[in-house]
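J.: Take a look at the following structure, please.
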Amino acid sequence: MTKERPDDHNPGVMHFPEQQPQRLPQSERLARMRLARSTNIGPVSFRKMLDQFGTARLAIEAIPDIIGHAKGSRKIELASREETIAEIEAAKACKAKPVIFGDPEYPELLARIDDAPAYFYAIGNLELLGKTSVGIVGARNASATGCGFARKLSHELVSAGYVVVSGMACGIDGAAHAAAMQCVGKDTGGTIAVLGGGVDVVYPREHQDLYSQLCEQGCVISEMPPGLKPQARHFPRRNRIISGLSYGVIIVEAGRNSGSLITARFAGEQGRDVFAVPGSPTDPRASGPNSLIRDGAILCDSADVVLDTIRQAEQNNYLSEEIHAFTPEPSAKPNGASSPRYAEILSSLERDAISEDEKKAEQPIEINELSSCADTEINPIEYTEKLFDLLSSSPLLVDELIRTSDLPAEQVSTILIELELAGRVERHPGNRVSRIAK
């Protein structure tokens with residue numbers, strides 16, 4: 001197989017000299033969507049059925065036989081044609097396009113993970129799906145310093161021609177997306193947001209403007225049906241797509257129970273590089289990245305560290321392999337009750353069930369993502385804590401604190417005086433402030 005090579009003029013674009021996968025027939029596209037939405041069929045068993053039968057249409061025909069061999073352990077209820085068409089119409093109404101496993105637009109790197117989504121919906125610039133991507137994720141209650149560093153990383157990566165992938169959450173995610181779109185141009189990369197709910201559902205609601213901008217200048221994707229509100233169990237599934245799209249994932253800030261660490265774990269399991277931004281041991285938000293570095297993650301103190309690693313990976317082509325080609329000649333249907341093909345399919349059904357149970361167990365870690373960026377009614381004490389949360393042990397310009405907090409300068413000045421008198425912050429030369437380490 002001829003391996004891909006980076007474009008010397010645009011390093012974010014990979015060239016694949018071999019013939020690209022041909023467009024799926026409409027009947028096969030519909031069949032794949034029906035199969036993927038069927039009860040108890042997850043991404044692993046979906047892929048296994050395609051491997052065994054060649055097409056989703058033949059896999060659907062074989063479902064009665066599969067149910068018979070399952071002996072009642074895993075009931076499969078096929079999604080109806082009418083339900084699937086209704087979902088497609090709902091997607092059209094919000095200008096979302098289904099990208100199905102086997103389509104030429106389906107991201108090459110994402111297709112290589114075992115539990116790649118059978119399909120997802122996309123709004124915006126689908127060309128970004130074909131560029132080399134880097135994930136940037138971190139704390140929702142990030143410090144102003146952390147958000148500033150995430151913006152710097154994102155800006156430099158996109159300026160170098162790469163795509164920044166994140167989850168459109170508050171804090172680090174939002175900062176990375178916003179900075180990426182500020183430098184989008186003809187020869188730059190862009191940004192992709194992976195949502196936990198439907199591709200048309202804005203969450204958190206404070207990111208309505210960011211979402212609109214992403215739809216126009218970037219790309220928004222989700223494997224959930226349009227209109228579905230995000231639930232806690234959706235976020236681990238979203239996280240494995242963020243890492244699956246990326247050559248590497250950068251963790252900027254994350255507490256010990258942060259969902260960003262789930263993304264880092266997925267990245268490691270998928271064979272992707274994990275970068276971690278070190279922080280002060282006195283800041284709880286640095287505990288996650290610091291522990292990742294101790295466990296072998298790449299210490300990231302600049303965008304150059306990431307760029308050098310990705311460029312080396314592109315040159316070595318170690319992620320290159322043949323994937324997800326559509327074969328017009330379907331595989332023969334398995335014959336006989338003892339066919340090993342049925343055993344492999346049943347095993348994949350069990351694996352999907354176990355994976356789903358594991359993701360449900362991780363719900364408490366992600367439940368904070370269902371909180372808004374800011375409460376609609378905040379009392380003076382909460383304003384003080386909000387401002388304090390933006391500080392870290394690293395001195396920060398007061399002007400940057402005002403900009404990040406969205407609070408009036410007079411109010412920020414008053415709160416800082418109160419925090420200073422309480423012995424919680426200290427002043428530094430150059431109009432900078434920081435937390436006092438406990």
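The values are calculated or read from the model by the stated rules, or taken from the named source; none is laboratory data. These numbers were taken from a predicted model, which means no experiment stands behind them. We place every Cβ from the backbone using ideal geometry, glycine too, and count neighbours over all the protein chains shown. When the accessible area is computed, the model is the full protein with side chains, heavy atoms only, and any ligands, DNA or RNA have been set aside. Shrake-Rupley method; radii C 1.70, N 1.55, O 1.52, S 1.80 Å.
J.: Filter the trypsin sites (Lys or Arg not before Pro) in segment 102-209 to those in DSSP coil with at most 14 other Cβ atoms within 10 Å of their Cβ, and list the result.
T.: Those that pass, being in a loop and sparsely packed, are LYS186.
J.: Also: If packing is taken as the average number of other Cβ atoms within 10 Å across a peptide's residues, how do 251-259, 48-56, 289-297 rank, most packed first?
T.: So the peptides 251-259, 48-56, 289-297, ranked by packing, come out 251-259, 48-56, 289-297.
J.: Next question, about the same structure. Taking 0.36 nm per residue of separation and subtracting the Cα-Cα distance, what length does fully extending ASP187 through GLN231 add? If you can, show how the numbers build up before the last one.
T.: Values: separation 44, 0.36 × 44 = 15.84 nm, distance 3.72 nm.
Difference between extended and current length: 12.1 nm.
J.: Now, a different point. Suppose the chain between ILE76 and ALA343 were pulled fully straight at 0.36 nm per residue; how much longer would it get relative to their current alpha carbon spacing?
T.: So the chain would gain 94.6 nm between ILE76 and ALA343.
J.: Label-point separation (nm) for GLU418 and ILE298, each offset 7 Å from Cα along Cα-to-Cβ?
T.: It works out to 4.4 nm between the two label points.
J.: Going by average Cβ neighbours within 10 Å, how do the peptides 273-280, 226-233 rank, with the highest at the top?
T.: 273-280, 226-233
J.: Still on this structure, I have one more. Quick one: length gained pulling LYS152 to GLN26 fully straight, 0.36 nm per residue minus the C-alpha distance?
T.: 41.0 nm
J.: Quick one: ranking THR282, THR309 by accessible area, 1.4 Å probe, largest first, what do you get?
T.: THR282, THR309
J.: Give the span of segment 83-195's Cα atoms along each principal axis, as three whole-Å numbers ordered largest to smallest.
T.: Extents along the principal axes: 47, 30, 29 Å.
J.: On the accessible surface of segment 132-225, probed at 1.4 Å, how many percent belong to carbon and sulfur atoms?
T.: Result for segment 132-225: 48 percent of the exposed heavy-atom area is carbon or sulfur.
J.: Okay, moving on. Can you tell me the FRET efficiency between LYS95 and THR39 if r is taken as the Cβ-Cβ distance and R0 is 41 Å, rounded to the nearest 0.05?
T.: Efficiency, from the Cβ-Cβ distance: 0.90.
J.: Could you tell me what percent of the accessible area of segment 252-322 is made up of carbon and sulfur, with a 1.4 Å probe and every protein chain present?
T.: That fraction is 45 percent.
J.: For the pair ASP399 and GLU216, what calculated FRET efficiency results from E = 1/(1 + (r/R0)^6), where r is the Cβ-Cβ distance and R0 = 35 Å, to the nearest 0.05?
T.: Efficiency at R0 = 35 Å is approximately 0.75.
J.: A further question follows. What is the Å³ per residue value for the convex hull set by the Cα atoms of segment 142-209?
T.: 79 Å³
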